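The next block holds one structure in the form of structure tokens; read it before the comments.
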Amino acid sequence: VLRNLAALGAAVSFVSVVGNDDAGREVQNLLAALDGAEIHVLVQPQRKTTIKTRFIAVNQHLLRADRESAAPLGPYIRDDLLRLAQELVINHGGGVISDYAKGTLTDGVAFEVIREAREAGARVVVEPKGGDHIRYRGADLVMPNRRELAEATGMPTGTEPEIVAAARALIERCGFGAVFVPLGRDGLILVEPRSSAVFETMAPGDGYDPGGTDDTAVAAMAAGLGAGLTLSEAAQLAGLAVGIVVGKVGTAVASLGELAAALVGEAESELGEAGLRVDMAPQPRRRGQRKP
């Protein structure tokens, strides 16, 4: 998510926790190499830093194996993380909570971060992971996949109408502004309390590597909302960004230049006007919009 935000030219601050091990030090070195990002990495002794191993064949991501620890944060590290989040969020228009269920955001940490962000006037996008989504209550946007949405609601999510019904049940229960669900090759569906719309993501050609696409969508949504776009406008940017990334191999990112070119191509394709001036907040291309 951080790499995607940086590639989109967003001014970002990053807070997380690693262990006192070689993997943790490597993470810190990689983060330090990112231009324009304010990095705050807390170190908790005896914690095992997560190592992800991805298996790829013929340019397709097949599976991933993780070595990790999901223990909750110690009390002092928890307090430090919340203090940093409170100090940093006042300088940003939006915030991202990327939850990988590794223990960093348990015990009310996610809710406290969302509360601080909302009090500072920042909009919050959440990439959830398992468990009860009530811990993210108050977030402007939550982006579960179909399985996570089904587990969170106990409802089927096999079809678009089922996804819309489950998403609205989650919105009502948890006080979310909207739910954004990846549909793989079929795009992304944005569900709000009274409307829904599908945004296409497919890039030209046969290549389709889904690795990192959820992170790309979350980052594009957060950047758009932080810049003052509406949910629908930010969702279109997310669809275009994902369409760029699925044509690349591995956990790639979409750059600001690539996204700007995609916006120009989108406008010229729809309106047929060469040299059209394109704003960064176009009206979204919608399919299957429903209102009660």
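The values are calculated or read from the model by the stated rules, or taken from the named source; none is laboratory data. As the structure is a computational prediction, the values presented were derived from the model and not from experiment. Here the Cβ positions follow ideal geometry from the backbone for every residue, glycine too, while neighbour counts run over all protein chains shown. When the accessible area is computed, the model is the full protein with side chains, heavy atoms only, and any ligands, DNA or RNA have been set aside. Shrake-Rupley method; radii C 1.70, N 1.55, O 1.52, S 1.80 Å.
Yes or no: the range 219-236 includes at least one residue that is in contact with a Cys (Cβ under 8 Å, 6 or more places away or on another chain) and part of a helix (DSSP H, G or I).
no
Got a sec? Which of LEU42, LEU82 is more than 20 Å from VAL249 (Cα to Cα) and out of contact with any strand residue (DSSP E or B) (no Cβ under 7 Å at 6 or more places or on another chain)?
Matching residue, one of LEU42, LEU82: LEU82.
State whether one or more residues within the range 165-177 are basic (Lys, Arg) and over 20 Å from the mean Cα position of the chain (by Cα).
Looking for residues that are basic (Lys, Arg) and over 20 Å from the mean Cα position of the chain (by Cα), one finds at least one in the range 165-177, hence yes.
Please pick out the residue among GLY288, GLY275, GLY250, GLY257 that is open to solvent by less than 60 Å² (accessible area, probe 1.4 Å), farther than 26 Å from VAL191 by Cα, of a type in the set (Gly, Ala, Ser) and modelled with pLDDT under 85.
That would be GLY250, the only listed residue that is open to solvent by less than 60 Å² (accessible area, probe 1.4 Å), farther than 26 Å from VAL191 by Cα, of a type in the set (Gly, Ala, Ser) and modelled with pLDDT under 85.
In the set ARG118, ARG47, ARG83, ARG64, which member is buried (at least 16 other Cβ atoms within 10 Å of the Cβ) and over 27 Å from GLY9 (Cβ atoms)?
Exactly one residue qualifies, and that residue is ARG47.
Out of (1) part of a strand (DSSP E or B); (2) touching a His at 6+ places or on another chain (Cβ under 8 Å); (3) at pLDDT 90 or above, what's the single condition that is false for LEU42?
All conditions are met except number (2).
When the residues of the range 121-132 are narrowed to those that are touching a Phe, Trp or Tyr at 6+ places or on another chain (Cβ under 8 Å) and open to solvent by less than 30 Å² (accessible area, probe 1.4 Å), which ends up farthest from THR230 (Cα to Cα)?
PRO128
With respect to the numbered conditions (1) in contact (Cβ under 8 Å) with a residue 60 or more places away in the chain; (2) part of a strand (DSSP E or B), which one is the sole condition not fulfilled by LEU63?
(1)
Pick from the range 188-213 the residues that are modelled with pLDDT of 90 or more and in a loop (DSSP other than H, G, I, E, B): which of them is least open to solvent (accessible area, probe 1.4 Å)?
PRO193
So which of GLU172, GLU148, GLU162 is of a type outside the set (S, T, N, Q), open to solvent by 10 Å² or more (accessible area, probe 1.4 Å), free of Cβ contacts under 8 Å to residues at least 24 places away in the same chain and closer than 22 Å to LEU2 by Cβ?
From the options GLU172, GLU148, GLU162, the qualifying one is GLU148.
Say whether the condition of being open to solvent by 50 Å² or more (accessible area, probe 1.4 Å), under 21 Å from the mean Cα position of the chain (by Cα) and at positive phi is met by at least one residue in the range 28-43.
Yes - at least one qualifying residue is present in the range 28-43.
Please work out which one of (1) open to solvent by less than 80 Å² (accessible area, probe 1.4 Å); (2) more than 17 Å from TYR136 (Cβ to Cβ); (3) β-branched (Val, Ile, Thr) is the condition VAL113 fails and give its number.
It fails just one condition, (2).
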